[in-house]
1. Let me confirm something: among Val45, Val35, Val65, which residue is under 18 Å from the mean Cα position of the chain (by Cα), crowded, with 16+ Cβ neighbours inside 10 Å, at pLDDT 95 or above and not in a strand (DSSP E or B)?
2. Considering only residues of the range 1-24 that are part of a loop (DSSP other than H, G, I, E, B) and crowded, with 19+ Cβ neighbours inside 10 Å, which is modelled with the lowest pLDDT?
3. Restricting attention to the range 95-116, does a residue exist that is modelled with pLDDT under 95, touching an Asp or Glu at 6+ places or on another chain (Cβ under 8 Å), of a type in the set (S, T, N, Q) and not in a loop (DSSP other than H, G, I, E, B)?
4. So which residues in the range 131-155 are within 17 Å of the chain's Cα centre (by Cα) and at pLDDT below 80, if there are any at all?
5. Tell me the residue from Thr86, Thr57, Thr24 that is touching a Pro at 6+ places or on another chain (Cβ under 7 Å) and within 23 Å of Ala191 (Cβ to Cβ), please.
6. Kindly indicate whether Gly128 is part of a loop (DSSP other than H, G, I, E, B), under 17 Å from Ile31 (Cα atoms) and at pLDDT 85 or above.
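The values are calculated or read from the model by the stated rules, or taken from the named source; none is laboratory data. Computed from a predicted model, the values in this text were never measured in an experiment. Here the Cβ is made from the backbone with ideal geometry for all residues, glycine too, and neighbour counts use every protein chain on show.
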Amino acid sequence: MRRMTAASMMVSVVVAFHSVNGRTAVIAEAIRAGVDSEEAALATVVDVSSPPHPWATLHAADAIVFGCPTHFGNVSAGMKAFHDATLPLWRQMRWRDKLAAGFTCGSAPSGDKQSTLLALAVFAAQQGMVWIGMDYMEDVRTGRGKPEGYNRHGSGMGLMADAEGDTVTETSPPATDRMTARLFGKRIACATRRWVRGRDSR
């Protein structure tokens, strides 16, 4: 059995996103803040909208969170191009057994965002990754319920956020969605830490 050290317990999460008008980037940063708020967890935010892609950073991560706008009920063109660029990695299963999660942002409360999250989850499954969904019950560690407005869309597959207009404002994305993103980041960090602990103890 491997001896656990402080260094081996530090987990790395990469938030890999594509954003058109900056709203999805705001959610990506909120997830990063949530990850970083957890002990021994560090998040890196990378824009995958165009090459060269940061493959070394992605390969080194314990978990990757994929996020993009919902365009016509599916992932955005920038995210799809990134997916397609991973073909050589898929052939090698470079991301097998990494954790994965997803988020999307769109102008409508529904907008078929579920289709985008499903596309992200299927991509992760094709890469041999293990998916982390949303947690919308009470916090089992504290027994407290989630804050008002948390996961207001009731999504289980991943994070759904709204954004109105073409620019980032104080209310777009709304505070509830930013708060949900931070708590989702905390969940991802905790799940990744447990996953790494189990992997390193084998």
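1. The conditions single out Val35.
2. Filtering the range 1-24 for residues part of a loop (DSSP other than H, G, I, E, B) gives 1-5, 10, 18-22.
Imposing the further condition that a residue be crowded, with 19+ Cβ neighbours inside 10 Å reduces the set to 18-19.
Numbers: His18: 97, Ser19: 94.
Across the range 1-24, the extreme among qualifying residues is Ser19.
3. no
4. Our first condition is that a residue be within 17 Å of the chain's Cα centre (by Cα); within the range 131-155, this holds for 131-136, 150-151, 153-155.
Hit for the range 131-155 is Tyr136, nothing else.
5. Numbers: Thr86 fails: touching a Pro at 6+ places or on another chain (Cβ under 7 Å); Thr57 fails: touching a Pro at 6+ places or on another chain (Cβ under 7 Å).
Unique residue meeting the criteria: Thr24.
6. Numbers: part of a loop (DSSP other than H, G, I, E, B): yes; under 17 Å from Ile31 (Cα atoms): no; at pLDDT 85 or above: yes.
When the stated conditions are applied, Gly128 does not pass them.
So that you can scan it fast, the table gives a plain yes or no per residue for (1) surrounded by 16 or more Cβ atoms within 10 Å (Cβ to Cβ); (2) free of Cβ contacts under 8 Å to residues at least 60 places away in the same chain; (3) out of contact with any Leu (no Cβ under 7 Å at 6 or more places or on another chain):
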residue	(1), (2), (3)
Val26	yes, no, yes
Glu29	yes, yes, yes
Glu39	no, yes, yes
Asn74	yes, yes, yes
Leu87	no, yes, yes
